[in-house]
Structures are given as C-alpha cells and as structure tokens.
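The values are calculated or read from the model by the stated rules, or taken from the named source; none is laboratory data. None of the values given here were measured: they were computed from a predicted structure. Note that we place each Cβ from the backbone using ideal geometry, even for glycine, and neighbour counts take in every protein chain shown.
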Amino acid sequence: MTRLWNDPAEFADEMIDGFVAANGRYVRRVTGGVVRSTVSPAGQVAVVVGGGSGHYPAFGGLVGPGLAHGAAMGNLFASPSTQQVHAVAKAADLGGGVFFSYGNYAGDVLNFDAAQERLRAEGVEAATVTVTDDVMSAPLAEKHKRRGIAGDLTVFRAAAAAAESGYDLAGVTAVAAKANERTRSFGVAFTGCQLPGADTPLFTVPKGRMAIGLGIHGEPGIDETDIPTADELAALLVSRLLEERPEGADGRVIPILNGLGSLKYEEMFVVYRRIHQLLEDAGLEVIDPHVGEFCTSFDMAGTSLTLYWLDDELERLWEHPVDTPAYRRGAVTAQQQTTAVDAAAEAVVIPESDEASHAVAQTVLAVVETIVDTIDENVDELGRLDSVAGDGDHGIGMQRGSHAALTAARSAVDQGAGARTTLEWAADGWSDKAGGTSGALWGVILTKIAEKLGDTGAPTAADVAAGVAAGAQGVTDYGKAEVGDKTLVDALVPFTATLTQSVNAGASLPDAWASAADAATRAARLTADLLPRMGRARTHGEHAIGTPDPGAISLALIATAIGTVLAEKEN
C-alpha cells in the first residue's frame, strides 16, 4: 500500500516536481510534463512519450539523450489531457516534426490524437505509433486492439535511436511500427495496487492465487490460477510468448522481465534464470537481457515478460547509447541548456458580452457548482463501479475535472464573461485537469453546448437542446463509441433524443430536461446487462456484466442534478 502523501489530489503534481528537482541534469519542468534539459540538434525529430503517472520509470524517467525528448505526464492512471500533450510537444519540438508513442488505451488515444491534430493545424508535422504488445488483451487477429505494457521500452528506444541517427519523421514512424510488430508481452500479478488516499486496492487476488493477463492501470487479470513455482511461471510466460513469434524473426531476441512495483529483484532473478534456459533451449540467441522495473503499476506485486525480436536495423538502433534518470546504456556526452524556456502563456482575452448573457453565466456557474456537489457525493461509488472491470479512477477523475471546471467558471464570471466563455473555460479546465477518456469527452460536451449559448442575449430551449445534440455527436465522432458499447454514450444518446423531442413538442427547458434526465437514468441502469466493447473494460468484459457503466451513471446523476437547478432558476 502507499503510505506517504499530502493531498492525494496533488500527489501526481508533487511527484513530478520532486522528480524534476532530483533530476535537473536530465529534465526540466514544462506545462504538462517534462522535456530534456540537455541540448538536442535543431531539425531532429522530437520523440514525445507519455501516459498516466504511477508507472515509473515510464514515462518521465525515460526522458534524456538517446531516448525521449519529452514526456506528457497525466494524473495517476489517467492519460494526460490534450492541453498537456500539446504543451509538452511544443516545448520538445526541434523543427523536425514530433513523433508520439504511448500505450494503446482509450484516453491516451483520444488526447494524443487531438494534440496531434492541433500540431498539424499549426504547421508542425506529427505522427504516432501506439504500443500494442500485451498478448492477453486481444487475439492476434485483432492485435491493433491490444494494450501497451512494458513493450513501451522497445518501441520508445527504436524511435528515439532512429531520431538521433538522423531519420526523418516518416523513417522514425516506420521503425517504431516495426519495433511494435516485433514486441510481445505477458503479465501476471499476486496483489493489486493501492493509490494514495484509497482505503482498498483497485483489485485483490485470493491468497495462494495469481492473476493472469493484467494491465498496468490496476485492471484485474483476465484469468486466475494457483501460484506456480518460479520455474513454472517462467515456463508459462515463455510458452505463451513463443506462440506468437513474429513472421520473419531470425531468432535474435531481447527478453525483458519487468517488475510491476513491489516484486523483489531477487525473485525476478530466480524466474529469469529459467526464462534464459528456456529461450536457449528453443534455439534462440538471447541478446542484452533486462531484469528490473521498466513500466510499473504503482505498488502492484507482479511481473511481465517481454520478448523483442530483432533484425539488423533494430539491433543496431538498440545499441545506441542512452542516458536518462532511470535507464542508462553506453556512454553519452550531452551539453546542458543554458536557458529553460517554456511555451509562453497566451494573453487572456474576455470576449464582449451583455447583461443578458451575464445572467445566463450565473446559471452556468450554478450548474457547475451542482455538478461538483453531485460528484463529491458519489465519488466513492463511481470508483467502486469502475473498479469492477477498469482501474477504479472514474470517480477521482470526475472529481478533479469538475473542481477544475468550477475554478475556471468562477474566474470567468469574476472577469465579466458571458455564458459561452464561462462554459468554455469550464470545459477547458475539466478536460485539462481530469485527463483520461472522461475528461476529454466532458470537455467535448461542454464546449459544444457553450457554442450554442453565445456571449450575447439569452439562449432558447431549442439552442440548449441543439448544443446538447452537438455535444453528443462530438462524443461519438471523437470517442467512436456507439449505443450498446457500455459507455456514457448509452445514457447520452437517449438523454439528447428525449430533450430534443420534448423541446420540439413545446415543453419548457426545465420540463424537457427533467424528462431527458429520467431517460438517461433508465438507460444508465440498463448498461448493467451490456458487455463492454470500448475502453479498458473491454478486455475484462465478463467481469462487467451485472454492473452498470460508471460513465453512464455519472452522466445520469449530473443530468438529474442540473434539472433541479434549471427548475429552481425558472421559479
């Protein structure tokens, strides 16, 4: 369990600050994460990696000469926001384009892709390869759906070495894709992990049992078995990975035995002893074996084995020297930067607005205050629902996001902003602070509604309904989920349809909203019968049957609470 923290909500930021203070020769702090504090050649492709915190040395510990140029670092087990990824990429950019790589998780994909599109719109070339090495998270025929776990290291190293060897963005992308195709991983755990301030672990494993096929975000395993001997575990890991020897592999392989947080090195060495024997017995040439912690899951007791199948190019790139806070290979000579410049903050401009919109902005503020109260009241239950087949952080993420939205909305109102600007600031604050999938999607919802409110005049019920409909469309376009996938879309779509239908039939906004909230609540409850087809819960679908989707439930709770505010404002 985690023992040392101040405010759990500030843990990730304080951890990053301490990490930078301890590793100033390698990294400097920028908005959203860290970048190298050493000089890199102008025109070089900048390799930016990232994901949620709680996986050290991934991701900040892998920033430095020979490896990443920057790392976007989200909250614990939550993807960095679009704003954070974009800020790190801008700070790391050397003029040769930006290459992104990260584990294939829904929130990371949403936010990194959005940041990539923002860079391209600004004239910065950008490309991505997601890491999909976990063989247990999807069948080989659907390997593009697999999660990224400790195989991050091989893909990051190949991309970074290519960048420092002078490859252009297309070349870096191609070699990273090849490294990903030649990387396979498989993990097990004996206990779950417990986040700062949490009363219980995200999942538990019965005494004497071992979870098989786990992720790195506190997700439960896909299967369970009795704890084997060290040699039996080695055989299990090796045999499963050798089933997927990549096409064209010539027998050169790098094994990486990764500790997930609290498994002792001595134990891993005992396991690796047998892994090495089994690989040699299979006729393989073992090159540069790694045993240690490379991608952890906070304090989880477990391990994963990665096999990285080389060819001549990948082996040459693997030998490129690396010098980072947590990972070193060979000798690197690097010059410290003499100045540390972060992206300049843009001047805040409040668009013109009128008194009618100021009054609506007060209603917007009251709505956001109610959202905060609702999430605070239900945060533990939302976390419990999410822990059934996910990582248990939905409540915490919604809490962080809604509180940031409230701070931003208050600031906007205090500066005389209209309704649109107030809600846009709230949306930006929510998505930035919450990170993850829910942060991105709630940012989309609120932004689309804001566009219909305007900063002058008072919106009609039809305007609000149109904004909600635009938000729902934005969510499905952005997140790609559909009704039946067991996500917040299952509550959002019936909410939107009922709201629009009621408004078109002549109902007042409070009455129409109340009917829509009832529809969302019914639909959210029915998600208990669904098998998840999107997000982290997809891999553990059978565990989720019988439990409603936390995203759908939180949306229904929020919709119901907002209805109360609208009714009070009308009276």
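Conditions (1) out of contact with any His (no Cβ under 8 Å at 6 or more places or on another chain); (2) closer than 26 Å to residue 548 by Cα; (3) not aliphatic (A, V, I, L, M), marked per residue:
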residue: 366; (1), (2), (3): yes, no, no
residue: 369; (1), (2), (3): yes, yes, yes
residue: 396; (1), (2), (3): yes, yes, no
residue: 416; (1), (2), (3): no, no, yes
residue: 438; (1), (2), (3): no, yes, yes
residue: 462; (1), (2), (3): yes, no, no
* Structure fact -> Of the listed residues (261, 292, 248), the one being surrounded by 15 or more Cβ atoms within 10 Å (Cβ to Cβ) and in contact (Cβ under 8 Å) with a residue 12 or more places away in the chain is 261
* Would you mention how many residues in the stretch 371-389 are among the small types (Gly, Ala, Ser) and touching a His at 6+ places or on another chain (Cβ under 8 Å)? => 2
* Residue satisfying condition, being surrounded by fewer than 18 Cβ atoms within 10 Å (Cβ to Cβ), touching a Lys or Arg at 6+ places or on another chain (Cβ under 6 Å) and among the hydrophobic types (A, V, I, L, M, F, W, C), within set 350, 287 -> 287
* Take the residues in the stretch 439-448 that are buried (at least 24 other Cβ atoms within 10 Å of the Cβ) and more than 10 Å from residue 475 (Cα to Cα), then tell me which one is farthest from the chain's Cα centre (by Cα). => 446
* **Failed condition for residue 128, given (1) within 16 Å of the chain's Cα centre (by Cα); (2) of a type in the set (S, T, N, Q); (3) buried (at least 24 other Cβ atoms within 10 Å of the Cβ)** => (3)
* Residues in the stretch 385-417 that are more than 19 Å from the chain's Cα centre (by Cα) and closer than 30 Å to residue 205 by Cβ: how many? -> 0
* Here is a list of conditions, (1) at pLDDT 95 or above; (2) of a type outside the set (S, T, N, Q); (3) within 30 Å of the chain's Cα centre (by Cα), and residue 544 meets all of them except one; can you say which number that is? -> (1)
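Conditions (1) in contact (Cβ under 8 Å) with a residue 60 or more places away in the chain; (2) under 20 Å from residue 363 (Cα atoms), marked per residue:
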residue	(1), (2)
478	yes, no
485	no, no
494	no, no
508	yes, yes
527	no, no
* Structure fact -> Expected output for the stretch 48-63 (first residue touching a residue at least 12 places away in the same chain (Cβ under 8 Å) and farther than 17 Å from residue 89 by Cα, partner part of a helix (DSSP H, G or I) and of a type in the set (Gly, Ala, Ser), Cβ below 7 Å, 6+ apart or cross-chain) is 53/12
* Structure fact -> Exactly one of 186, 99 is outside any helix (DSSP H, G or I) and closer than 21 Å to residue 307 by Cα, and that residue is 186
* Residue selected from the stretch 209-231 under the condition crowded, with 23+ Cβ neighbours inside 10 Å and aliphatic (A, V, I, L, M), by the criterion nearest to the chain's Cα centre (by Cα) -> 216
* Asked: Is at least one residue of the stretch 232-245 within 17 Å of residue 326 (Cβ to Cβ), touching a helix residue (DSSP H, G or I) at 6+ places or on another chain (Cβ under 9 Å) and either crowded, with 16+ Cβ neighbours inside 10 Å or of a type in the set (A, V, I, L, M, F, W, C) (or both)?
  -> no
* **Given (1) closer than 19 Å to residue 58 by Cα; (2) at pLDDT 95 or above; (3) crowded, with 23+ Cβ neighbours inside 10 Å, index of the condition residue 90 fails** => (1)
* Do we have residue 369 as modelled with pLDDT of 95 or more, closer than 23 Å to residue 86 by Cβ, in a helix (DSSP H, G or I) and acidic (Asp, Glu) here? -> no
* From 176, 161, 170, which residue is of a type in the set (A, V, I, L, M), within 19 Å of residue 41 (Cβ to Cβ) and in contact with a helix residue (DSSP H, G or I) (Cβ under 7 Å, 6 or more places away or on another chain)? -> 161
* Consider residue 190 against the criteria (1) closer than 30 Å to residue 11 by Cα; (2) surrounded by 24 or more Cβ atoms within 10 Å (Cβ to Cβ): it satisfies all of them except one. Which criterion is unmet? -> (2)
